[in-house]
Amino acid sequence: MRNLAEIIGDLLYGPDGYYTKYVRIGKRGDFFTAPHASPLFGYTVGRFLERDGVKTLVEVGGGEGYLALDVLRATGITVLSYERSPKLREAQERLLGDYALEGRWRPVEEPVEADAYLLNEVLDAFPPRRYVFREGRWWEVVEREGEFGLVPSDGPRHYRGPVREGFTYDETEGLEDFLRVILRKTDRVLIFDYGYDEEEFPTIAPSGTLQGYREHRVLYDLEAVRPRTDITHFINFSHVERVAKEEGFGVALYMDQANFLLKAGMLDIFASLPDEDKERLAPGMKTLILLFRNHRVMYLKRRGG
Ligand SMILES: C[S@@+](CC[C@H](N)C(=O)[O-])C[C@H]1O[C@@H](n2cnc3c(N)ncnc32)[C@H](O)[C@@H]1O
């Protein structure tokens, strides 16, 4: 018998896992992320962090390395990349090698001390366990002899929100432990991801948030749990905030991604570009504002730090 996090963990990060062997991000890949939509994402995020005094930055789960590249191009920040996928580590080496020669970029094998940490669509790539509230109690989805079924359960460990009959909740396995590790290495953590506040889950996503991406087609629910697919879910920002507060952090900023980019000066950065760049980058900027509707940003800062 295996729970969903064990199955998804294997499908994503096992020896034949999606992130181990098959991942492809971008137009010709399975899904695309903000850094693949436009370099203006990285320029804006980089300048925001630099204005806040950041000189060294660890990017966690940087994928193919485009966000790191754009931060390096737009600022004087030194970037360290902590990446789990061997295939993506190689892609980062190829893209960022020139900055390594200048001493401004290097991969790291474990979370190290730095002024700030940056995570774009990383926590949603942790495998979730799935819980269902039915007949007045919690059950967990497990796989037995190749079939999904329910077994009685104490319910999600970290969910404190409302429950109602039929509610299905996907709980990010390992989020809390991982977050504590990085919060102890820095004073600032900037997180971009799709997710909700605790009380939003039963109304906005009563049937859970599992999704799979393959060649830009979306698979929902348990259909997403299959090989060679980017399997993802929405994270619980209230839980992130609780853990951060326990570690001595406060929430300096929490809003939707497009709003953040506009407030952080993306339009001014765009206006300062040469005309030929403007023409090239305008469609991507539009995509950043209009397409990533479910994405939010949370900026955690150590109190008194
Ligand atoms: C959805 S991809 C996003 C990639 C990139 N940040 C982007 O926006 O294009 C998720 C990334 O998180 C990485 N990842 C997942 N779990 C990780 C962990 N525990 N430590 C470091 N990286 C991790 C994956 O290997 C992958 O690079």
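Below, the figures for the structure above:
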read-out	value
Answer residue from segment 164-184, given it is surrounded by fewer than 17 Cβ atoms within 10 Å (Cβ to Cβ) and either assigned to a loop (DSSP other than H, G, I, E, B) or modelled with pLDDT under 95 (or both) and is farthest from the ligand (Cβ to nearest atom) among those	165
Qualifying residue in segment 120-141 (condition: of a type in the set (Ser, Thr, Tyr), within 24 Å of residue 238 (Cα to Cα), away from the ligand (no atom under 16 Å from the Cβ) and buried (at least 19 other Cβ atoms within 10 Å of the Cβ))	yes
Pairs with Cβ under 8 Å, 6+ apart, first in segment 6-18 and surrounded by fewer than 19 Cβ atoms within 10 Å (Cβ to Cβ), second part of a helix (DSSP H, G or I) and not small (Gly, Ala, Ser)	13/19; 13/20; 14/20
Matching option when the condition is farther than 23 Å from residue 253 by Cβ and touching a residue at least 12 places away in the same chain (Cβ under 8 Å), among 226, 184, 160	226
Cross-chain or 6+ apart pairs with Cβ under 8 Å, segment 30-46 first and β-branched (Val, Ile, Thr), then assigned to a helix (DSSP H, G or I) and within 8 Å of the ligand (Cβ to nearest atom)	45/67
Top-ranked residue in segment 258-305 [being at pLDDT 95 or above, out of contact with any helix residue (DSSP H, G or I) (no Cβ under 6 Å at 6 or more places or on another chain) and small (Gly, Ala, Ser); ranked as nearest to residue 116 (Cα to Cα)]	265
Members of segment 228-248 that are crowded, with 23+ Cβ neighbours inside 10 Å and either modelled with pLDDT under 95 or away from the ligand (no atom under 16 Å from the Cβ) (or both)	236, 239
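The values are calculated or read from the model by the stated rules, or taken from the named source; none is laboratory data. Predicted model only: the values in this text are computed from it and were never measured. Reconstructed Cβ throughout: ideal geometry from the backbone, glycine too, with neighbour counts over all protein chains shown.
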